[in-house]
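Visitor: One structure coming up, written as structure tokens, with questions to follow.
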Amino acid sequence: MGRVVEKVVEVSVARSIASNQCISLFFIRVVGMLWGSQGVSAAEDEEMATQSSYVAIEPALVTNYGGPGRLRYMSVEVSLRVSGVEAENSVLHHMPQIKDTLLNLFAVQTNETIETAEGKETLRQQSFEAVSSVLLEEEKEMHLEDILFTSFVVYR
């Protein structure tokens with residue numbers, strides 16, 4: 001009986017040591033991953049700061065357009081491509097003014113200006129110029145790279 005108890009204790013101690021080794025290995029890996037992620041070089045940090053990102057204007061911009069007569073509506077989902085985290089924060093800070101500018105631009109459109117792909121592209125370029133002027137006026141620096149219409153629906 002004593003021999004069986006010795007074997008059980010021996011197996012139990014071996015399992016405990018193996019378990020502790022696994023836990024130690026796990027913590028070493030976690031610490032290594034955390035340490036490795038903290039060791040971002042200045043060049044990598046700068047690259048991340050200037051990398052393009054997208055800021056979606058939410059919810060979709062919905063406005064009536066077309067002048068007198070029957071009411072017509074458009075719903076446009078817009079995303080802004082900006083360069084860097086600072087530009088993203090700037091766009092988010094000025095989002096109310098950007099939305100207002102775009103809604104006013106969309107409201108003066110006519111069926112003729114938005115019926116064709118060329119008309120929508122012209123509207124996209126006008127939108128880019130309008131948002132750029134808002135950001136230049138407010139920030140004196142503009143990091144807007146592009147404006148994308150991710151959805152464009154017209155209700156006539």
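Visitor: Take residue 78 and decide whether it is touching a helix residue (DSSP H, G or I) at 6+ places or on another chain (Cβ under 9 Å), surrounded by 14 or more Cβ atoms within 10 Å (Cβ to Cβ) and assigned to a strand (DSSP E or B).
Guide: Numbers: touching a helix residue (DSSP H, G or I) at 6+ places or on another chain (Cβ under 9 Å): yes; surrounded by 14 or more Cβ atoms within 10 Å (Cβ to Cβ): yes; assigned to a strand (DSSP E or B): yes.
Judged against the criteria, residue 78 is a match.
Visitor: Please give the number of the condition residue 60 fails out of (1) out of contact with any helix residue (DSSP H, G or I) (no Cβ under 9 Å at 6 or more places or on another chain); (2) assigned to a helix (DSSP H, G or I); (3) of a type in the set (A, V, I, L, M).
Guide: (2)
Visitor: Which one of the conditions (1) in contact with a strand residue (DSSP E or B) (Cβ under 9 Å, 6 or more places away or on another chain); (2) closer than 15 Å to residue 82 by Cβ does residue 154 fail to meet, given that it meets all the rest?
Guide: (2)
Visitor: Also: What are the residue pairs meeting all of these: first residue in the stretch 67-79, first residue in contact (Cβ under 8 Å) with a residue 12 or more places away in the chain, second residue of a type in the set (A, V, I, L, M) and assigned to a loop (DSSP other than H, G, I, E, B), Cβ atoms under 9 Å, and 6 or more apart or on different chains?
Guide: These pairs meet every condition: 67/108.
Visitor: Oh, and also: If you go through the stretch 112-130 one residue at a time, do you hit one that is touching a Leu at 6+ places or on another chain (Cβ under 6 Å), part of a loop (DSSP other than H, G, I, E, B) and either under 23 Å from residue 51 (Cβ atoms) or touching a residue at least 24 places away in the same chain (Cβ under 8 Å) (or both)?
Guide: No, there is no match, as no residue in the stretch 112-130 is touching a Leu at 6+ places or on another chain (Cβ under 6 Å), part of a loop (DSSP other than H, G, I, E, B) and either under 23 Å from residue 51 (Cβ atoms) or touching a residue at least 24 places away in the same chain (Cβ under 8 Å) (or both).
Each reported figure results from applying straightforward, stated rules to the coordinates on display, with no laboratory input. All values reported here derive from a predicted model rather than from experimental measurement. Don't worry about glycine lacking a Cβ; one is built from the backbone with ideal geometry, like all the others, and counts go over all protein chains shown.
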